[in-house]
Amino acid sequence: MAQRAGVSVGTASGVFTSNSSVSDEARAAVLAAASEIGYHPRRRQTKEFATGITTFGLLARAEHYVGPSNPFYGPVLYGAQWAVGELGLSLVLETLRDEPSSHHQMPLIVERRQAQGLLLAGYVSAEYITAILRTGTPCVVIDHHAAGVAVDSVCADDHRGGYLATTHLLELGHRDPPPAIITGPSTATSIEARFAGYRDALTEAGIPVEDAYVREGRLSAESGRDEMRSLLDLPTPPTAVFCCNDNTAIGAIDLLREKGIAVPDEFSVIGYDDIDMAAQTVPRLTTIAVDKEHLGMQAVWNLAQRVRHPQMGVRDTRLRVHLVERSSTAPRT
């Protein structure tokens, strides 16, 4: 239904939960689509769980909570909150310290047994996840894959996204020199998957991956500016760059504008995530869209099933991504 109405899953859900942030236009489109397919929203079910299952917890670093510096995780958390409410449960949030002094130092919501299931947003070390699982608390990791740990995860198909972004630039003629890439911290498995997609797209096109065109940033606009400056200082600068998130791309475009380099006429930039700001930049940012609200919702749904069926196999769920072409990429001239 969301696809038929041309909106995200979270927006479609918001129509049936009286979310005031949904625009009148989107509301009308969703209701029309619902009428066409004969959809009737199900009532909230409060007796789906055994006695004592009342609360899920969400553990994330401070920078992952809703705010101006967090255009990605804000919608993810909103989606999780909506899905938990639909199940008739409560959601308790707790901030994860950057490096817990001990893997035995459990979150308060676990120590106090406030939550019967736990969502972990973003990077959490494998050792810490293992320690939480040993307490018997079911977990689902969002936007991260903990290698070697038997824990459910929900991520975007980031390898596919990196491949799509790079292929888009190659098809526009940015081949010699190859498109550059600005990545992020190596602990972020979603970023590593996007980088792997970049490598595979170049290899498929018969173009070698050159270290000079690979820059590791910090997933911020400031970092995008810094790494873009370094790329322009190369003996043979690239004519296009794949930024592994939209914040980085916004910073890269800002630096190019400062240097008098026109985007996209002289340089193409593609981002990743399709945050709200991506459609408002000048030029409007071409990017890879991730349904961020759906990430949060799917994680809750998977956690609910894990609580009901603790013996089922571990699941690694990947959500589809797609290319959104706007005005920041163009054929190489």
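Once Rh is set to the Kirkwood radius over Cα pairs, what Stokes-Einstein translational diffusion coefficient, in µm²/s, holds for the stretch 151-236 at a temperature of 20 °C and a viscosity of 1.002 mPa s?
On the way: Rh = 13.5 Å.
Approximately 159 µm²/s, per Stokes-Einstein.
Show me 324-333, 261-270, 241-250 ranked by packing, highest mean number of other Cβ atoms within 10 Å first.
241-250, 261-270, 324-333
Taking the Cα centre of the stretch 84-162 as the origin and placing charges on Cβ (Lys, Arg +1; Asp, Glu -1), which of 150, 88, 114 is farthest toward the positive end of the dipole?
114
For the pair residue 284/residue 125, report the inter-label distance in nm, with labels modelled 7 Å from Cα in the Cβ direction.
With each label placed 7 Å out from Cα toward Cβ, I get 4.5 nm.
Along Cα→Cβ, 7 Å out, is where each label goes; now give me the distance between the ones at residue 61 and residue 222 in nm to one decimal.
Placing both labels 7 Å along Cα→Cβ, they lie 1.5 nm apart.
To two decimal places, what compactness ratio does the stretch 293-333 give when its Cα radius of gyration is scaled by 2.2 N^0.38 Å? The partial results should precede the final answer.
Values: Rg = 18.0 Å, N = 41, 2.2 N^0.38 = 9.0 Å.
Normalised by 2.2 N^0.38 Å, the Cα Rg of the stretch 293-333 equals 1.99.
For the stretch 183-333, what D do you get in µm² per second when you plug the Kirkwood radius from alpha-carbon pairs into Stokes-Einstein at 4 °C and 1.567 mPa s?
Working: Rh = 16.8 Å.
Diffusion coefficient, whole number: 77 µm²/s.
Using the C-alpha atoms of the stretch 159-202, what convex hull volume per residue, in cubic angstrom, is computed?
Numbers: hull volume 2.4 nm³, N = 44.
In the stretch 159-202, the Cα hull volume divided by residue count equals 54 Å³.
Above 16 angstrom, tally the Cα pairs of the stretch 261-314 and express them as a % of all pairs, no decimals. Walk me through the numbers on the way to the answer.
On the way: 851 of 1431 pairs.
Value for the stretch 261-314 (Cα pairs over 16 Å): 59 percent.
Computed over the Cα atoms, what is the radius of gyration of the stretch 214-265 divided by 2.2 N^0.38 Å, N being its residue count? Write down the numbers at each step before the final one.
Values: Rg = 9.9 Å, N = 52, 2.2 N^0.38 = 9.9 Å.
For the stretch 214-265, the normalised Cα radius of gyration is 1.00.
In what sequence, highest mean first, do 294-304, 280-290, 76-86 appear when ranked by Cβ atoms within 10 angstrom? Don't skip to the end; give the middle numbers.
Working: 294-304: 24.5, 280-290: 20.6, 76-86: 22.6.
Result, highest mean first: 294-304, 76-86, 280-290.
Determine the dipole magnitude for the stretch 225-333: charges of +1 sit on the beta-carbon of Lys and Arg, -1 on that of Asp and Glu, nothing else is charged, the reference point is the Cα centre, and the result goes in debye to the nearest 20. Can you show the working numbers first?
On the way: 13 positive and 15 negative charges, 97 e Å.
With only Lys, Arg, Asp and Glu charged at Cβ, the dipole is about 460 debye.
Quickly work out the residue 262-to-residue 276 label distance, labels modelled 7 Å from Cα along the C-beta direction, and quote it in nm with one decimal.
The modelled label-to-label distance comes out at 3.2 nm.
Could you point to the residue in 278, 255, 209 farthest towards the positive end of the stretch 153-307's charge dipole, with +1 and -1 charges on the Cβ of Lys/Arg and Asp/Glu respectively?
Towards the positive end, the residue furthest out is 278.
Laboratory data are not the source of any read-out in this text; all were calculated from the coordinates shown. Keep in mind that this is a model prediction, so the values were computed, not measured. Don't worry about glycine lacking a Cβ; one is built from the backbone with ideal geometry, like all the others, and counts go over all protein chains shown.
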